[in-house]
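Input: a single structure, listed below in structure tokens.
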Amino acid sequence: MGTIYKHSSPFLQAAQTLLKAGKAKAIAPTRQTAKRLKQQRKYSLATLAKELLMAHGLRTLNPIEQYRHLKQAIATTLNPTDLEGTVQTWRSAIQELLQTSPDLDVLKGFDSPKIRQLHQVIQQYQAQLRGINAVDPATVLWQAIALKPTPRTLVIYGYPDPRADEIAFIEAIATPDSVLYLPHVDDQPLFSPQAELIKRLQGKGWHLDDSQPKELTLGDRLSQIFIGGKTIDLEPGVVQAHQYPSPEAEARGTLRQIKKLLQQGVFAGEIAIVTTQDSQWGPLLLQVAQEYQVPLSLPNPIPLQKTRLGAWLEQLLTVIDSGYSFETTAQWLSHPLTHPLGAEFWQTARSLKPNDFQGWQGLTQEHYQLDLAVLIPPEQATSSAWIQYLKAILEVFEVRHRTLPWATETVAYQKFIDGLDSLATSLTETMTWEMFQAELRTGLQLLTTPAYPIRGGVGVHNPQNLVGAKYHYIFCIDGAEGVLPRPLQDEPVLDFYTRKQLSNHLPIEGAIAKARREQFQFYNLLQIPQKQFTFSYSTLGQSEGKYRSQTASIYFEKLGLKPGKTRIPLAASTEEARQFYLTQSPIPEVLQSATLDQAIAAHRVETQRLQKGALDEYQGLVGVSFPWRDRTFSASQLLQLGQCSFKWFAAKGLKLSALDELETTLEPSRRGILYHKVLELALKAYQKNPELDLTDFNQLHKWFLEAEAFLKLPELPAWERQRTEHIQTLQRAIAAPEFLPEGRHVFRLEDKIQFTWQDFQLTGYIDRIDAVSGTNGLVIMDYKTSSSPPKGIQDEWGNLKIDLQLPIYEAAVGHKYPDHQVTKNLYYSLTKGEKLSAKSPSEEDLQAAGDRLKTHLETGTYPVAPDRKYDACKYCDFKAVCRINQEEQE
């Protein structure tokens, strides 16, 4: 039979002899192992098995097909309440069991209901696959063995810790002149599975070659130290241990070292970054690498769902389901993969706020001749018709062309198209829109693409993907306890107790075996570096959105390393240099730029903001007098100025306005305007016909429609229901005794005032003035939609205590109607249907308040100084400008 090599150097020599003679097929499951065997492409045992199966008319399921058939089997067998959740939970357990043995009938002999259910599902699943001449990817090796394949000469590299199915397949297909690399160190518990396998293969005629390498590489020496071998001296600097304060500092520190190596002429392909959490670290490393101009590759697979393409498709589904609501459709049309739409289009869209298909269709056709009719899905169609529907959308929006700027998206697009094609061949039944949508979402979760595929970059790898590889420089990051080695986690289906039950009958890994495999994986990693190994961790970690302190992994101690705090060297990018010179001078000529000047100015402004009491022009102290005597104010403007002078300055001085956001309900100010208009229409009709019942729902409904048309309210979702609730609110307010009490009648509605108060030129409208029957008395009534009295302006202690609005109205009415006397003024809550008590300020308080308002305007002083309780901040549109934070408010 074949030959087993314990050491890689003599194995590679023997492998090259066979491969150069053209006598053997190279088995290398990863690109890195293929490179060691000088092969152009990877070729695994599973690939060989799939080819054998295909030659016999058996095809291997793709991920989408696999999920669908497993879902069908679970539905048929268990019929769970949460089918999707059950499939997600059971899928990995079923795949692992299928990999352990070709015969799982042993499962039906267990007393455990869960194990018996697993057996029933597997039986149903495999029966379904036999009916379509297909096999699950987890069973390809067992299925290929059953075909009794013709043995062939193989060079097998990259399987240092093979599974049971891999071992069985090697035994079934390898000829006597095949060679296998199986690392092993005598009398080491870490290699007990390898020792058992060697003994087993020797019993079947395999020969063990114990040739030693002529000289030990750095990787050989590191791995010997790790397993507790004899003390080995290492050259200074070839092994480094670093401690960083945070993940970002670790990413920057690592990439600084790599940039230095690249500048020294080291080829990027000779360097690798290794982490057990490559998916989590990838985005951070890529961001820093782009800043440092370090070429970086992220080959780790990510679901299409996490790509721009996946987000675009999911947003499209949401748009169709929402009935083309304004916000969701606007977000989708703003996506980089959608047809770019100009400023004029968006200005019109924000003005019209289209909320249905016809609205958006008219807008896109008018501006861009873009026909959205392609988006309308059929009620039901065959799978092929659904695929063509989706492809038509991709073609109309030229999505393939728009993915070209991003390598990830370009590859993702092709992966998606391939997935669609396979979906079309595997689905034959007619599907509704809901069914197709579910299939598409599942496909986006299951189909994967490389996170950032570029050629010639420094790769970020998971340790298990580097088995058998060789690099000159390895940077192993995130070496914290609890991360490396990865902690064992109990699984919901195959928990450790269940695994222990099964281990006497099936070669399934338990807790001890899993822990050993983790340690063995790190041993393999240590064999990779040839010139330098750098090991690091950060003392601050993050998990589930929470930060935690971290200590160094036990692996540091096993390697005899003591990580020390790493000093940050000189800046590795222009951005870092600019950050340093924000507070330093003189600035080197090479860094001088308008960008840095702006950053320095902005930094000074922010620093000044943080200094309590040190106000400047960026916090409202502009020092420019406002010509208030020549301007006309409203009572609400003076109220705003008195509550927070900076709020008034932002709105009236800087002309800022709130962001235009989608409304799902009427905002308070718009609701107040609507209520006021409805009551104006109702009371005018009542003045003409006092017999009218103002609380009649139909009458109020008519006035509501008239007010809506006059105010041109935007379309709101479920407005019919909302309108009914608003009408009922006004019904209660009008029916209350205090709304139209006996002895009073309406004197004026929305009465315009123009007069001078404390030298301020004022104008405005009073909601309602009632006349007291038989007297010259008048009652001022101001409607409020809130259920509490309005806040006044600040008194001298910074409390919103001085009511300004009613005193101004009283003075204005007295000026306009000198033959009448104001006997009462009040706020009336339309929400509660009752008057709101408000304390009238004294003349002295009003005079002092007016003087403070004049001082703000005359001196150009509008400090960020809201009231002591921050009541003025609750509904302020300018928090992002003044930046009064939550801590200050509390």
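Please enumerate the residues belonging to the stretch 229-248 that are in contact (Cβ under 8 Å) with a residue 60 or more places away in the chain and open to solvent by 20 Å² or more (accessible area, probe 1.4 Å).
G237, V238, V239, Q240, A241, H242, Q243, P245, S246, P247
Can you tell me which residue within the stretch 856-874, out of those that are assigned to a loop (DSSP other than H, G, I, E, B) and in contact with a strand residue (DSSP E or B) (Cβ under 9 Å, 6 or more places away or on another chain), is surrounded by the fewest Cβ atoms within 10 Å (Cβ to Cβ)?
R868
Does Q542 fit the bill of being touching a residue at least 40 places away in the same chain (Cβ under 8 Å), assigned by the TED database to the domain that holds Q280 and open to solvent by 90 Å² or more (accessible area, probe 1.4 Å)?
Spelling it out, Q542 is indeed touching a residue at least 40 places away in the same chain (Cβ under 8 Å), assigned by the TED database to the domain that holds Q280 and open to solvent by 90 Å² or more (accessible area, probe 1.4 Å).
Being of a type outside the set (K, R), in contact (Cβ under 8 Å) with a residue 60 or more places away in the chain and open to solvent by 20 Å² or more (accessible area, probe 1.4 Å) is the filter here; which residues of the stretch 791-805 pass it? Steps first, answer last, please.
We begin by selecting, within the stretch 791-805, every residue of a type outside the set (K, R); these are 792-800, 802-805.
Retained after the next criterion (residues that are in contact (Cβ under 8 Å) with a residue 60 or more places away in the chain): 792-794, 797-800, 802, 804-805.
Across the stretch 791-805, the qualifying residues are Q794, W797, N799, L800, Q805.
On the basis of being within 24 Å of C476 (Cα to Cα), of a type in the set (G, A, S) and in contact (Cβ under 8 Å) with a residue 40 or more places away in the chain, does A571 make the cut? Steps first, please.
Values: within 24 Å of C476 (Cα to Cα): yes; of a type in the set (G, A, S): yes; in contact (Cβ under 8 Å) with a residue 40 or more places away in the chain: no.
So A571 fails the test.
I'm trying to understand the selection: among the residues of the stretch 751-770, which are outside any strand (DSSP E or B) and open to solvent by less than 20 Å² (accessible area, probe 1.4 Å)?
Once the filter is applied, which keeps residues that are outside any strand (DSSP E or B) and open to solvent by less than 20 Å² (accessible area, probe 1.4 Å), the stretch 751-770 yields nothing.
From the list Q331, Q315, Q347, pick out the single residue that is open to solvent by 30 Å² or more (accessible area, probe 1.4 Å) and more than 24 Å from L440 (Cα to Cα). It would help to see each step written out before you state the result.
On the way: Q331 fails: more than 24 Å from L440 (Cα to Cα); Q315 fails: more than 24 Å from L440 (Cα to Cα).
The unique qualifying residue is Q347.
Within the stretch 1-74, considering only helices (runs of 4 or more DSSP H) that don't extend past its boundaries, which have at least 1 residues that are in contact (Cβ under 8 Å) with a residue 60 or more places away in the chain and touching an Asp or Glu at 6+ places or on another chain (Cβ under 9 Å)? Outline the logic, then answer.
Details: elements: 8-20, 31-36, 45-55.
Correct list: 8-20, 45-55.
What's the number of the condition L52 fails, among (1) more than 26 Å from F416 (Cβ to Cβ); (2) within 43 Å of the chain's Cα centre (by Cα); (3) at pLDDT below 95?
Of the numbered conditions (1) more than 26 Å from F416 (Cβ to Cβ); (2) within 43 Å of the chain's Cα centre (by Cα); (3) at pLDDT below 95, the odd one out for L52 is (3).
Of all residues in the stretch 728-750 being in a strand (DSSP E or B) and under 20 Å from R671 (Cα atoms), which is least open to solvent (accessible area, probe 1.4 Å)?
L749
Any residue at all in the stretch 641-648 that's modelled with pLDDT of 90 or more, buried (at least 17 other Cβ atoms within 10 Å of the Cβ), under 39 Å from the mean Cα position of the chain (by Cα) and among the small types (G, A, S)?
yes
Taking the stretch 60-90 only, how many residues are out of contact with any helix residue (DSSP H, G or I) (no Cβ under 6 Å at 6 or more places or on another chain) and basic (K, R)?
Selection size over the stretch 60-90: 1.
Evaluate the stretch 203-215: report whether one residue or more is of a type in the set (K, R), in a loop (DSSP other than H, G, I, E, B) and either in contact (Cβ under 8 Å) with a residue 60 or more places away in the chain or open to solvent by less than 40 Å² (accessible area, probe 1.4 Å) (or both).
yes
If you take the residues in the stretch 715-727 that are surrounded by 12 or more Cβ atoms within 10 Å (Cβ to Cβ) and of a type in the set (A, V, I, L, M, F, W, C), which one is modelled with the highest pLDDT?
Applying the filter and picking the extreme gives I727.
With the checklist (1) open to solvent by 70 Å² or more (accessible area, probe 1.4 Å); (2) of a type in the set (K, R); (3) in contact (Cβ under 8 Å) with a residue 12 or more places away in the chain in hand, flag the one item K712 doesn't pass.
(3)
Collect the residues in the stretch 685-696 that are surrounded by 14 or more Cβ atoms within 10 Å (Cβ to Cβ) and not hydroxyl-bearing (S, T, Y), keeping them in residue-number order. Outline the logic, then answer.
As a first pass, look at the stretch 685-696 and keep what is surrounded by 14 or more Cβ atoms within 10 Å (Cβ to Cβ): 685-686, 692, 694-695.
Within the stretch 685-696, A685, L692, L694 meet the criteria.
Just wondering, is there one or more residues in the stretch 563-581 that are more than 33 Å from the chain's Cα centre (by Cα) and open to solvent by less than 40 Å² (accessible area, probe 1.4 Å)?
yes
Out of L466, L394, I need the residue that is buried (at least 16 other Cβ atoms within 10 Å of the Cβ) and either free of Cβ contacts under 8 Å to residues at least 24 places away in the same chain or under 24 Å from H339 (Cα atoms) (or both). Which one? Don't jump to the end; show me each part of the working.
Numbers: L466 fails: either free of Cβ contacts under 8 Å to residues at least 24 places away in the same chain or under 24 Å from H339 (Cα atoms) (or both).
One residue alone meets the criteria, L394.
So is G342 surrounded by fewer than 16 Cβ atoms within 10 Å (Cβ to Cβ) and either on the phi > 0 side of the Ramachandran plot or not assigned by the TED database to the domain that holds T665 (or both) or not?
Numbers: surrounded by fewer than 16 Cβ atoms within 10 Å (Cβ to Cβ): yes; either on the phi > 0 side of the Ramachandran plot or not assigned by the TED database to the domain that holds T665 (or both): yes.
So G342 passes the test.
Would the stretch 211-232 turn up any residue that is modelled with pLDDT under 95 and touching a Gly at 6+ places or on another chain (Cβ under 6 Å)?
Taking every residue of the stretch 211-232 in turn, none turns out to be modelled with pLDDT under 95 and touching a Gly at 6+ places or on another chain (Cβ under 6 Å).
Return the residues of the stretch 105-120 that are among the aliphatic types (A, V, I, L, M) and either farther than 18 Å from D495 by Cα or open to solvent by 20 Å² or more (accessible area, probe 1.4 Å) (or both); say none if nothing qualifies.
Start the filter on the stretch 105-120 by keeping residues that are among the aliphatic types (A, V, I, L, M), which leaves 106-107, 115, 118.
Matches in the stretch 105-120: V106 only.
State whether one or more residues within the stretch 875-882 are closer than 28 Å to L683 by Cα and crowded, with 17+ Cβ neighbours inside 10 Å.
No, the stretch 875-882 contains no residue that is closer than 28 Å to L683 by Cα and crowded, with 17+ Cβ neighbours inside 10 Å.
Among the residues of the stretch 159-170, is there at least one that is outside the structural domain of G468 (by the TED database), closer than 27 Å to T534 by Cβ and open to solvent by 30 Å² or more (accessible area, probe 1.4 Å)?
no
Out of the residues in the stretch 362-382 meeting the condition of being modelled with pLDDT of 85 or more and either in contact with a His (Cβ under 7 Å, 6 or more places away or on another chain) or open to solvent by less than 30 Å² (accessible area, probe 1.4 Å) (or both), tell me which one is nearest to G310 (Cα to Cα).
Within the stretch 362-382, the match that is nearest to G310 (Cα to Cα) is L375.
The values are calculated or read from the model by the stated rules, or taken from the named source; none is laboratory data. Only a predicted model underlies this, so the values are computations on that prediction, with no experimental measurement involved. Positions of Cβ are generated from backbone atoms using ideal geometry, with glycine treated the same way; all protein chains shown enter the neighbour counts. SASA here: full protein model, heavy atoms, side chains in, ligands and nucleic acids out. Shrake-Rupley method; radii C 1.70, N 1.55, O 1.52, S 1.80 Å.
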